[in-house]
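J.: Here it is, the structure, as structure tokens.
The values are calculated or read from the model by the stated rules, or taken from the named source; none is laboratory data. Computed from a predicted model, the values in this text were never measured in an experiment. All Cβ positions, even for glycine, are placed from backbone atoms using ideal geometry, and neighbour counts span all protein chains on display. Just so you know, the surface numbers come from the protein's heavy atoms only, side chains and all, with ligands and any DNA or RNA stripped out. Shrake-Rupley method; radii C 1.70, N 1.55, O 1.52, S 1.80 Å.
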Amino acid sequence: MGIPVEELKENAPEPSFATKDGASPAGEKEKHRKEWFQKHGEMIAALVAGVLILIGWGLSVKTSSLIVDVLFITAFIIGGFAKAKEGITETIKDKTLNVELLMLLAAIGAAVIGYWLEGAILIFIFSLSGALETYAMNKSSDELSALMSLTPETARVLRNGKEESILAKDLQIGDTILVKPGELMPADGVVVKGKTSINESAITGESMPVRKGEKEEVLASTVNLNGVVHVKVTKTNEQTLFQKIIKLVQSAQEEKPPAHLFIERVENYYVIAVLAASGLMMFLPHFLLGWSWNETIYRALVLLVVASPCALVASTMPAILSAISKGARKGMLFKGGVHLEGLASLSAIAFDKTGTLTTGKPEVTDIVASDGWDPKQILQIAVSIEHYSNHPLASAIMRKAKDEKVDVLEAEEIKDNPGWGIEGIVSGKHYKIGKADFVGTESTETFLNTVTLKSAGKTIVFVKSEQGIIGALALKDAVRTDAKKAIEDLNAAGVKTYMLTGDSEETAREIAREVGVTNYKAECLPNQKLDEIKRLTKNYQRVAMVGDGINDTPALATAHVGIAMGAGTDAALETANVVIVNNDLRSIPYTIKLSKKMNRIIKQNMVFSIAVIVALIASNFMQNLSLPLGVIGHEGSTILVILNGLRMLRG
């Protein structure tokens, strides 16, 4: 039941500003008509069959005529064609029996013994439940179709001073593209000219526009709002984050979780058992219980209907696909339903620090100065020299100076000492800026004894003049604003939280205290992170690892569930089972709740569907169940489990 995922690319809506292969407007309209019918045809056929049955039933009350028979036969054909074709095709292709064949045989059998109305009702309700399941599948498929519609077809590339229009998929790394207001970004890149605001909601889920200027990154399929920008392409079409998101959604829709795979494995044997039981029931009760031949055959047909596992088959995928769609709207993408299903039993989770619990960008938190100096003077001297460096700490000092509106002075004779510090002349005086070993360990210790500076978990950069240490700046990798809340929610849910980092013991302890993780391990090399994850998997039922870097990939691959930050490296995104597209760690506890709710719904559906089958079979053996009631009970339960699965889409 439902539509195959491989058809989605054909059915995805085209961008409004271009058509593929120069298709004519008439051809486009015809294509959209076909797509619309593919999407809604099953429901239309079911409803038409229902109307014909109502008319036929109304006429049969007053008279018995050929017209009534024609109406019922037409209802059979219209309502049952799609399911009959599906059942026969899958049986031939997979060489296995399925529930569609059971329903087809039951409907034909009912007609053969004169129960045209009952057979027609069976076909109608079965086709209606199938249409509802297709709707459930489409709700998830629409997420991918909507994503694909945001992929621009063309790009304006600047070559030899001229503007050319080419297909976006043909862009190469190093190309410079022109993007005007209101257009989609054709590729990932860096702004080389111009300023604008970008709507990144398609990628991050954040509705507020983001200001972008020169040297800042932009992502494919985000919307350029109000400025003309030149962008240098940094990734090919297949490598963009947006294309990776599409592949993740496709993968999640195609991969079936264990519960559904189990049902598929036993379905063929179950159908054979039902056919065998119905075959025996067609003659055994006549000889053993004295039933009439008409009653015996009638009860066999009822058994064929009520014992069919339609509701059981439909108990998993609608709920899973709905949950995947719900998670995607919250910024969590899964490479398969099995990974979403497994989060419900998560008992421990380990986080990388830099770029995961922290932003990965150091910030200046404190500036102290010796007597006779002002903190702003210290910052001015530091930024005047450091702005010649490309070190991350230098970038942090420049950001602080910009925030404080400190002017940059002219600096001369700059000498960079990688790994140690930088020195130069400002206003005729020589200064050295860097770590304690670079400016003098003894003098830094003396200086720190004269000032008040909270240095726990921070990096200290000293400023030294010809007379001695005149000041210091404390920098710290800032904790993500969402990290504390995420860890708090995970701890409250009983999930043990760990932090694995290559930083020093002091820094690790301070960050762990600030974010609230219950355990941490410092000075971890990639292989040591892997060893820690192996240890956790032995001690806990299910373990997740959250990271963003290449050094995290061994641990991501070893954990039961690997979770990558959307802004992480390509290696991390490829290795992980789950991607947090919006980089919001609060999505993790939310998704655990989503997983638990999904598993509850699947269990409810399975227990309910099995209970209904058992009750209907028992009623049939007691000769208390008519074929119409059996049809309603059986197909009604199928509709109910589908609707119960669709509850995952709410909110």
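J.: Would it be correct to say that residue 561 is open to solvent by less than 30 Å² (accessible area, probe 1.4 Å) and more than 17 Å from residue 356 (Cα to Cα)?
T.: no
J.: For the stretch 407-453: of the residues being buried (at least 19 other Cβ atoms within 10 Å of the Cβ) and not in a strand (DSSP E or B), which is farthest from the chain's Cα centre (by Cα)?
T.: 447
J.: Among the residues of the stretch 285-294, which ones are out of contact with any helix residue (DSSP H, G or I) (no Cβ under 8 Å at 6 or more places or on another chain) and open to solvent by less than 70 Å² (accessible area, probe 1.4 Å)?
T.: The answer is 290, and nothing else.
J.: For the stretch 327-336, which residues satisfy the criterion of being modelled with pLDDT of 80 or more, not in a helix (DSSP H, G or I) and not aromatic (Phe, Trp, Tyr)?
T.: The answer is 332, and nothing else.
J.: Filter the strands (runs of 3 or more DSSP E) completely within the stretch 454-524 down to those with at least 2 residues that are crowded, with 20+ Cβ neighbours inside 10 Å and free of Cβ contacts under 8 Å to residues at least 12 places away in the same chain.
T.: none
J.: Right, here's the next one. Determine whether residue 339 is open to solvent by 20 Å² or more (accessible area, probe 1.4 Å), touching a strand residue (DSSP E or B) at 6+ places or on another chain (Cβ under 8 Å), not in a strand (DSSP E or B) and not aromatic (Phe, Trp, Tyr).
T.: Answer is yes for this residue.
J.: Another question, if that's okay. Would you mind finding the one in 166, 177 that is in a strand (DSSP E or B), without any contact (Cβ under 8 Å) to a residue 60 or more places away in the chain, under 15 Å from residue 217 (Cβ atoms) and open to solvent by less than 80 Å² (accessible area, probe 1.4 Å)?
T.: Every option except 177 fails the conditions.
J.: Only one residue in 108, 73, 123 is within 15 Å of residue 305 (Cα to Cα), touching a Phe, Trp or Tyr at 6+ places or on another chain (Cβ under 9 Å) and open to solvent by 30 Å² or more (accessible area, probe 1.4 Å), so which one is that?
T.: So the residue among 108, 73, 123 that is within 15 Å of residue 305 (Cα to Cα), touching a Phe, Trp or Tyr at 6+ places or on another chain (Cβ under 9 Å) and open to solvent by 30 Å² or more (accessible area, probe 1.4 Å) is 108.
J.: For the stretch 546-601, which positions are over 23 Å from residue 325 (Cα atoms) and of a type in the set (Val, Ile, Thr)?
T.: Those that are over 23 Å from residue 325 (Cα atoms) and of a type in the set (Val, Ile, Thr): 550, 553, 558, 569.
J.: Among the listed residues 613, 601, which satisfies the condition of being on the phi < 0 side of the Ramachandran plot and either out of contact with any His (no Cβ under 9 Å at 6 or more places or on another chain) or part of a loop (DSSP other than H, G, I, E, B) (or both)?
T.: 601
J.: Quick check: is even one residue across the stretch 590-597 open to solvent by less than 10 Å² (accessible area, probe 1.4 Å), touching a Phe, Trp or Tyr at 6+ places or on another chain (Cβ under 9 Å), under 21 Å from residue 331 (Cα atoms) and touching a residue at least 40 places away in the same chain (Cβ under 8 Å)?
T.: The answer is yes, given that some residue of the stretch 590-597 is open to solvent by less than 10 Å² (accessible area, probe 1.4 Å), touching a Phe, Trp or Tyr at 6+ places or on another chain (Cβ under 9 Å), under 21 Å from residue 331 (Cα atoms) and touching a residue at least 40 places away in the same chain (Cβ under 8 Å).
J.: What number of residues in the stretch 576-596 are of a type outside the set (A, V, I, L, M, F, W, C), more than 12 Å from the chain's Cα centre (by Cα) and assigned to a helix (DSSP H, G or I)?
T.: Qualifying residue count, the stretch 576-596: 5.
J.: If residue 450 passes every condition in (1) over 23 Å from residue 503 (Cβ atoms); (2) without any contact (Cβ under 8 Å) to a residue 40 or more places away in the chain; (3) of a type in the set (S, T, N, Q) but one, which one does it miss?
T.: Exception for residue 450: condition (2).
J.: Oh, and also: Could you tell me which of the residues 556, 536, 573 is at pLDDT 90 or above, crowded, with 16+ Cβ neighbours inside 10 Å and part of a helix (DSSP H, G or I)?
T.: Criteria check complete, one pass: 536.
J.: Out of (1) surrounded by fewer than 21 Cβ atoms within 10 Å (Cβ to Cβ); (2) modelled with pLDDT under 80; (3) not polar (S, T, N, Q), the odd one out for residue 159 is which?
T.: (2)
J.: Looking only at the stretch 305-319, count how many residues are assigned to a helix (DSSP H, G or I) and under 16 Å from residue 621 (Cβ atoms).
T.: Count: 2.
For (1) assigned to a helix (DSSP H, G or I); (2) open to solvent by less than 30 Å² (accessible area, probe 1.4 Å); (3) at pLDDT 80 or above, each residue gets a yes or a no:
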site	(1), (2), (3)
298	yes, yes, yes
303	yes, yes, yes
325	yes, yes, no
356	yes, yes, yes
384	yes, yes, yes
389	no, yes, no
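J.: Then there's this: Any idea how many residues of the stretch 605-651 are surrounded by 17 or more Cβ atoms within 10 Å (Cβ to Cβ), β-branched (Val, Ile, Thr) and modelled with pLDDT of 85 or more?
T.: The total comes to 4.
J.: Could you grab me the full set of residues in the stretch 358-379 that are more than 37 Å from the chain's Cα centre (by Cα) and open to solvent by less than 50 Å² (accessible area, probe 1.4 Å)?
T.: Correct list: 366, 367, 368, 369, 370, 378, 379.
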